[in-house]
Every structure is written in C-alpha cells, then in structure tokens.
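A.B. asks: Provided herewith is a single structure, encoded as structure tokens, for subsequent inquiry.
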Amino acid sequence: MPERPDAPPSASAEAHRGLVQRTARWFVHTGTIVEIEVRKLSKDPWELVIRAIQPLLWLVVFGSAFSRIRVLPDNTDYTTFLTPGILAQSVTFSSIFFGITLIWEKDQGLTQKYLATPIARSALVVGKLVSAGLRALVQGIVILTVAGLLGAKLRLDFSAIVGVLVFVALGAAFFSGLSLGIAALVRTRDRMMGMGQLITLPLFFASNALYPIGLMPPWLQLVATANPMSYLVNGFRGLLVPSVATNLGLDALVLGTATLAMTLLATWLYPRLAR
C-alpha cells in the first residue's frame, strides 16, 4: 500500500538528516576556529617573518657552504637537494612550538571559554591544526621563493604545488597535534619551550633533510626510517626535485595515518589544558 504524502518521515530519514546537520555544524565550527586564528595572525604578521629567519639561514648559509661538496649519489645540486629538507624543517619547527600559544590561551582563560561553548571538541582541535598549517604554508612560500633566487632547480607545476600543499597540511597537523599533546601534559610555557627544543633538533638531524639516508651509518638509518620527518622530507623532495624518485604513496600513507592518530590523541588531551 503506497505511503501517504503527509506521512511522517521514517526513522532512517530523520537519522540521515540529523547526521547531515551535525556534519555541517562541525565544519562551521571548525571554520570559526580557523577564522579566529587567522585574525590573530593578521594582527601580528611579523611572527611569520621572525619564524622564517632560522630556516632561511640554514638554506642560505648551510646550502651555500656545502654546495661545493659533491657527495650526493645522483650529482644533484645540493641547494636543490636541501630545499625540501629546509621546507620540512620550517613546517616542523613552526608546528612543534604551537603548544606555547595554546598554553598562553589557557593562562588567559580562553581555553576554558572554548570548552564552555557548544563547539565540538574535535572541531576545536582540527581548527587549531588547520591554522597551524596555514602558518607553515606562508613560511613555505617564502622558503621556496628564496630557494629559487639561490638557483635551486625545483619543479613547480600544478601537480607539484598541490602535492606540496597536501604534505604541508599533513606535516603541520601531525607536529602541531604532537605539540598540543605535550602542552596538555607539561602545562607551562617554559617546559613547553624546553620540550620543543629537545624534540626538534633530533628530529631534524636524524632525518634525511640534510643528507641521503644511504650515507648514514646503519643505526642512524633505522632511526631515520622511523622518523616521521623523513617521510615529510621525502614527500617534498619527490614532488619538487625532478631527479629524485620517492614513494609518494607510502609517504602520504605514513603521514596521513600518523596525523589521524595524533589528531585523535590531541582531541582527547585538549581538555587537560583547561585544568
């Protein structure tokens, strides 16, 4: 018997509609957090300039000094080889200290106010991670521009740029999520600064950012293979350096899985910041 036009909607239709509404609300909440972070950044744009100085010094000084040493297996220009590593360094360093900002928000009472709103906890965390990715993206544009001026031979077609954007987002989300988790545990800015410094330099030097993994001693090769920064460098290098072949699918899979796990962990730990 056909259903009457004025019959009430079925339970499945109501459930579907509710899911659509919750999903749309989640994206709106996430966008709201991103908008807040972008507004904060627009009021202090010099923060990006200051944070870009260190990786630029590595690129200009270290790249120029070692460009005369022919140690790369495929005779790739060292400045070209180094640029993806410095780009990964910029993403990592800017994201790993993101927790300091979160602790400052806790000290100002902003975290408590965020948690008191109807915004979903996961939307709060993802919005923070996306804003960290935007910061890293701006710095990455500066680094690629300077690398081009230094003579780096980079592939910058549409597919390469899109791929770089994806890896910047994954890398920034992973390391800023890690920073959020550390901030929730240490709870003070001084300790967060110390933990950030303790983590960043070993991650950087125990990766393939400065030299190929094949040139490392066996024990360091194992460390570099387990280092998430190595997969970020591999992704950038495979996209930007035409003469270097990497497994982009594996790099994206490892980073994507690690980012998802870190996002879930950060969502669980975020309320600890308010204590």
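A.B. asks: Subtracting the Cα-Cα distance from 0.36 nm times the residue separation, let me have the gained length for Val166 to Leu253 in nm, one decimal. Before the final figure, lay out the partial values.
C.D. replies: Details: separation 87, 0.36 × 87 = 31.32 nm, distance 1.18 nm.
Stretched out fully, the Val166 to Leu253 stretch lengthens by 30.1 nm.
A.B. asks: Moving on. To the nearest 0.05, what FRET efficiency results for Ser42 and Leu215 with a Förster distance of 30 Å applied to their C-beta separation?
C.D. replies: Details: r = 43 Å, r/R0 = 1.43.
FRET efficiency, Ser42 to Leu215: 0.10.
A.B. asks: What is the gain in length, in nm to one decimal, between Ser12 and Val60 on full extension, counting 0.36 nm per residue of separation less the C-alpha to C-alpha distance? Write down the numbers at each step before the final one.
C.D. replies: Numbers: separation 48, 0.36 × 48 = 17.28 nm, distance 6.05 nm.
Going from the current span to full extension adds 11.2 nm.
A.B. asks: Follow-up. Given the rule -39500 (n - 2.57) for each run of at least 4 DSSP H residues, summed and divided by the residues of the chain, what is its mean residue ellipticity at 222 nm, to the nearest 500 deg cm²/dmol?
C.D. replies: Numbers: 12 runs with 204 residues, N = 275.
That comes out to -25000 deg cm²/dmol.
A.B. asks: Right, another one. Using a Cα distance threshold of under 25 Å, what count of lysine pairs results for the chain when pairs must be 8 or more residues apart or interchain? Before the final figure, lay out each step's value.
C.D. replies: On the way: Lys40/Lys106; Lys40/Lys113; Lys40/Lys128; Lys43/Lys106; Lys43/Lys113; Lys43/Lys128; Lys106/Lys128; Lys113/Lys128.
Pairs that pass both the separation and distance tests number 8.
A.B. asks: Filter the chain for me: DSSP H helices, axial length by Cα at least 27 angstrom, mean Kyte-Doolittle hydropathy not below -1.0. List them by residue number.
C.D. replies: 11-43, 121-149, 158-186, 248-269
A.B. asks: Additional query: Which label belongs to the value computed from this structure, given these candidates for mean projected area of the Cα convex hull in nm²: [x] 19.5; [y] 16.3; [z] 13.6?
C.D. replies: Structure-derived value, by its label: [x].
A.B. asks: Can you figure out the FRET efficiency of Leu201 with Phe158, using R₀ = 51 Å and their beta-carbon distance, to the nearest 0.05? If you can, show how the numbers build up before the last one.
C.D. replies: Numbers: r = 35 Å, r/R0 = 0.68.
Using R0 = 51 Å, I get an efficiency of 0.90.
Taken together, the values in this text are just the output of simple stated rules run on the coordinates, not laboratory data. Nothing here was measured: the structure is a model prediction, and the numbers come from that model. Backbone-built Cβ (ideal geometry, glycine too); neighbour counts: all protein chains shown.
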